[in-house]
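Notes for the one structure printed next.
Rule-based calculations on the coordinates, nothing more; no lab input. Computed from a predicted structure; not experimentally measured. Cβ sites come from the backbone with ideal geometry, for glycine too, and all protein chains shown count toward neighbours.
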Amino acid sequence: MEIRSVGVVGAGQMGSGIAHVFALAGYDVVLTDISADGLVRAITTIDKNIERQVSRGKVSADDKAAAMARIQTTLKLADVGPCDLIIEAATERETVKQAIFEDLLPHLKPHTILTSNTSSISITRLASRTDRPEKFMGFHFMNPVPVMQLVELIRGIATDQETWDTMHEVVRKLGKTAASAEDFPAFIVNRILMPMINEAVYTLYEGVGSVKSIDESLKLGANHPMGPLELADFIGLDTCLAIMNVLHDGLADTKYRPCPLLTKYVEAGWLGRKTQRGFYDYRGETPVPTR
């Protein structure tokens, strides 16, 4: 099956990045969100980010103009129904995702493939709430989407081979690399990454190191481009906590128990860069550790 039109549900950081890469790759994109302001911000962000690629010689001005012309925005979820492929990129809450798919069902074409950009939630369970579990997959992009090369492809228990092959070809056309992951909590990347971040928070919680020393140790001692606490702030501490809870609940292993300090930061609303405070305070000219 050939994919020509793509619907993206959710115009946040991930959704706008997904719309960006699909439009540049020649797909017609319909981007929807519950917030009109969110859609305006998304288009502004996409325009700015593609312009950055133009300034670096990676994209031509004509290609940018063509990509921006391929993106339509709408506040009506039903408007994405006729697309060949739909990518749900809403908040990482299962009830929200289920409601989106249920609302979409009456508007879908028979051939439409449904996917979720979830970073941890069961694909099989999400698919079971739709009328086409065989045409449902996990389609997990990394953040920031235009920069990161990996896409995790997660097959649910009912996903058929044609859907799998179609999505693998879509990843190739985007110029990215597909990693095949089985449908277990947090898949591959977050199954490995989030416990590392959680352990860094425990290291801070237990007073083994400060925010600065923990991040410097991993950057200089393990050659990581970003320290784990800095990375947690970039991802969003609420997202990190949600994934740790999925791991803890889904695998019933105490090694995935979220650090109480991570929970405390989320309860305080200190979610990282998006709220200007997390393990660092971003309200000044340079980030300052908060602990």
Equivalent ellipsoid dimensions for region 1-77 as semi-axes, Å, which come from the Cα gyration tensor, largest first
20, 15, 9
Taking every DSSP bridge whose two residues both lie in the chain, the antiparallel percent to the nearest 5 is 25
Arranged from highest to lowest average of other beta-carbon atoms within 10 Å per residue, in what order do the peptides 36-46, 128-138 appear?
128-138, 36-46
Report, in deg cm²/dmol and to the nearest 500, the calculated mean residue ellipticity at 222 nm for the chain, where each DSSP H run with n ≥ 4 adds -39500 (n - 2.57) and the sum is divided by the residue count.
-14000 deg cm²/dmol
Assigning unit charges at the beta carbon (Lys, Arg +1; Asp, Glu -1) and nothing else, what dipole magnitude in debye, to the nearest 20, does region 5-182 show about its Cα centre?
420
Exposure proxy check on ASP253, ASP103: fewest-to-most Cβ neighbours within 10 Å is ASP253, ASP103
About the Cα centre of region 82-225, what is the dipole size in debye to 20, counting +1 per Lys and Arg Cβ and -1 per Asp and Glu Cβ, all else neutral?
220
Computed from the beta carbon distance with a Förster radius of 51 Å, FRET efficiency for GLU2 and GLU206 to the nearest 0.05 stands at 0.40
Which of the pairs LYS97/LYS176; LYS176/LYS219; LYS58/LYS274; LYS219/LYS264; LYS219/LYS255; LYS76/LYS264 have their Cα atoms more than 32 Å apart in this structure?
LYS76/LYS264
Choose one answer from HIS20, HIS248, HIS140: the residue with the largest mean-square fluctuation in a GNM of the chain with alpha-carbon springs under 10 Å.
HIS248
Let me know the charge dipole size of region 191-289 about its Cα centre in debye, to the nearest 20, where only the beta-carbon of Lys, Arg (+1) and Asp, Glu (-1) is charged.
80
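Going by average Cβ neighbours within 10 Å, how do the peptides 174-182, 52-60, 224-232 rank, with the highest at the top?
So the peptides 174-182, 52-60, 224-232, ranked by packing, come out 224-232, 174-182, 52-60.
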Please name which of THR112, THR91, SER122 has its Cα lying farthest along the dipole of the chain towards the positive end, using unit charges on Cβ (Lys, Arg +1; Asp, Glu -1) and the Cα centre as origin.
THR91
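In nm², what is the average projected area of the convex hull enclosing the Cα atoms of region 187-286?
6.5
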Taking the Cβ of VAL211 as the centre, find all other residues whose Cβ is under 13 Å away and add up their charges (Lys, Arg: +1; Asp, Glu: -1).
-1
Fewest to most neighbouring Cβ within 10 Å: what's the order for TYR27, TYR202?
TYR202, TYR27
